[in-house]
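> Please read through the structure below; I'll follow up with questions.
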Amino acid sequence: MKKIPLALFSMTFSCGLFAADYAQLSKEAGNAEKANDFAMAMVKYEAAGKAATTAEQKVSTILARFQLLKKQKKQMEAEKLLRDMIEDEMLGEPQQRQLINLLAGQYLWNAKYEEGLSLLRQAQNLSCPKTSNEYFRTYYYMAEIYLSRKKQPEAALEVMENMLNITGVHPANLYQTHLLMGTCCERLGQKALALEHYRQARDYGKKVTYKADFSAADKAIERLSK
């Protein structure tokens, strides 16, 4: 019988132990949160993060801690957590992009939207699958800032073009893409092009299998068709 090198055995045992610790700690954190013992839940989520063995596990604990702080209306602490954890060495670029998107999203509708835009420009340089929600979210948030906060529909249109001609994007994201582009065209006085985008949005909305409200495209089409 071939002997397993001691070092390899120790590494395998250690990884298995940490995985068990992560699962157990995450479960305990969730139970504490359900019991509204937020202090204990925070301790357990942080411990689970330290026991994480993958980037996905690590980011899940960060998101859990973020949501826990938000639940307690500790907005500044929640934002600081994201800023501090973006550079965590265990995270890969997709997870970093996810946290940056989330942080930028906190700034969309307050006075920090310029800071949010700066963060999103950083995020677009971090690799992630083009069909992912995080790829979409970077450009959607950026376009929203240009359109709704900076009143620059031309810039918003240019940003959202990053979502076009990508195979495999979820229809819900394509619905939002064309709806926003339709709004941009409408504000630029390009009625025919706006209608085209609204109709594409409606078509993609019909492809979404889960229940959601996609009536905005129908209302826009009705409004411009009068």
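> With no solvent and one equal point scatterer per Cα, compute the Debye intensity ratio I(q)/I(0) for the chain at 0.09, 0.13 Å⁻¹ and report its log10, rounded to two decimals.
Rounded to two decimals, the profile gives -0.50, -0.88.
> Using only Cα atoms and rounding to the nearest 10 degrees, what angle (0 to 90) does helix 215-225 make with the longest principal axis of the chain?
Helix 215-225 sits at roughly 20 degrees to that axis.
> Grab the Cα-Cα distance for Glu154 and Ser118, subtract it from 0.36 nm times how many residues apart they are, and report the gain in nm with one decimal. List each step's numbers first, then the result.
Values: separation 36, 0.36 × 36 = 12.96 nm, distance 1.84 nm.
Full extension of this stretch gives 11.1 nm more.
> Another question about this same structure. Whole-Hz Karplus ³J(HN,Hα) for segment 186-196, in order, using 6.51 cos²θ - 1.76 cosθ + 1.60 and θ = phi - 60°, x for Gly and Pro?
Each residue of segment 186-196 in turn: 5, 5, 8, x, 9, 4, 4, 5, 4, 4, 4 Hz.
> Give me a comma-separated list of calculated 3J(HN,Hα) values for segment 104-121, in order, Karplus coefficients 6.51, -1.76, 1.60 applied at θ = phi - 60°, integers in Hz, x for any Gly or Pro.
4, x, 5, 9, 4, 10, 10, 5, 8, 5, 5, 5, x, 5, 4, 5, 5, 5
> For the chain, build the charge dipole from Cβ charges (+1 Lys, Arg; -1 Asp, Glu) around the Cα centre, then report which of Ala32, Met90, Leu195 sits farthest towards its positive end.
Result: Leu195.
> Hey, another quick one. Can you spot the lysines whose alpha carbon is less than 29 Å from Lys34's alpha carbon? Ignore those fewer than 8 places along the same chain.
Result set, ordered by chain and number: Lys44, Lys50, Lys58, Lys70, Lys71, Lys73, Lys74, Lys80, Lys211.
> Using alpha carbons only, how many angstrom separate the centre of segment 148-226 from the centre of segment 83-123?
If you average the Cα positions of each part, the centres end up 25 Å apart.
> If one takes the longest principal axis of the Cα atoms in the chain, at what angle in degrees, from 0 to 90 and to the nearest 10, does the Cα axis of helix 133-144 lie?
Once rounded, the angle reads 40 degrees.
> Here's something else I'd like to know. Once the Cβ-Cβ distance between Asn133 and Asn165 is put in as r, and R0 is 22 Å, what FRET efficiency do you end up with, to the nearest 0.05? Each step should come with its number before you reach the end.
Details: r = 18 Å, r/R0 = 0.83.
Working from the Cβ atoms, E equals 0.75.
> Give me the net charge of Tyr146's neighbourhood, meaning all other residues with Cβ under 13 Å from the Cβ of Tyr146; Lys, Arg count +1, Asp, Glu -1. Walk me through the intermediate numbers first.
Details: positive: Arg121, Arg149, Lys150, Lys151, Arg187; negative: Glu114, Glu144, Glu154, Glu158, Glu161.
Net charge around Tyr146: 0.
> Grab the other residues whose beta carbon is less than 13 angstrom from that of Ile100, score K and R as +1, D and E as -1, and report the net. Before the final figure, lay out the partial values.
Numbers: positive: Arg83, Arg97, Arg121, Arg137; negative: Glu79, Asp84, Glu87, Asp88, Glu93, Glu115, Glu134.
Summing Lys/Arg as +1 and Asp/Glu as -1 gives -3.
> With a 1.4 Å probe and every protein chain left in place, work out the accessible area per residue of segment 52-94 in Å², rounded to a whole number.
Working: 2400 Å² over 43 residues.
Heavy-atom accessible area per residue stands at 56 Å².
> Mind ordering 197-209, 30-42 by average Cβ neighbours within 10 Å, highest first? If you can, show how the numbers build up before the last one.
On the way: 197-209: 18.2, 30-42: 14.5.
Ranking, from highest mean packing down: 197-209, 30-42.
> Amide H neighbours of Cys128 under 5 Å, counting only residues 5+ apart in sequence or on other chains, H built in-plane at 1.01 Å?
The list, which skips near neighbours in sequence, is empty: none.
> Order the following by accessible area, largest value first: Tyr175, Tyr141. Probe radius 1.4 Å; ligands, DNA and RNA are ignored. Please report the intermediate quantities before stating the final value.
Working: Tyr175 5, Tyr141 50 Å².
Result of the area sort, largest leading: Tyr141, Tyr175.
> Projected onto the charge dipole of the chain (+1 at Lys/Arg Cβ, -1 at Asp/Glu Cβ, origin at the Cα centre), which of Ile221, Gln106, Gln152 gives the Cα projection farthest towards the positive end?
Comparing the listed Cα positions along the dipole, Ile221 ranks first.
The values are calculated or read from the model by the stated rules, or taken from the named source; none is laboratory data. Computed from a prediction, not measured in an experiment: that's the story for all the values here. Ideal geometry is used to build each Cβ from the backbone, glycine not excepted, and the neighbour counts take in all protein chains shown. SASA here: full protein model, heavy atoms, side chains in, ligands and nucleic acids out. Shrake-Rupley method; radii C 1.70, N 1.55, O 1.52, S 1.80 Å.
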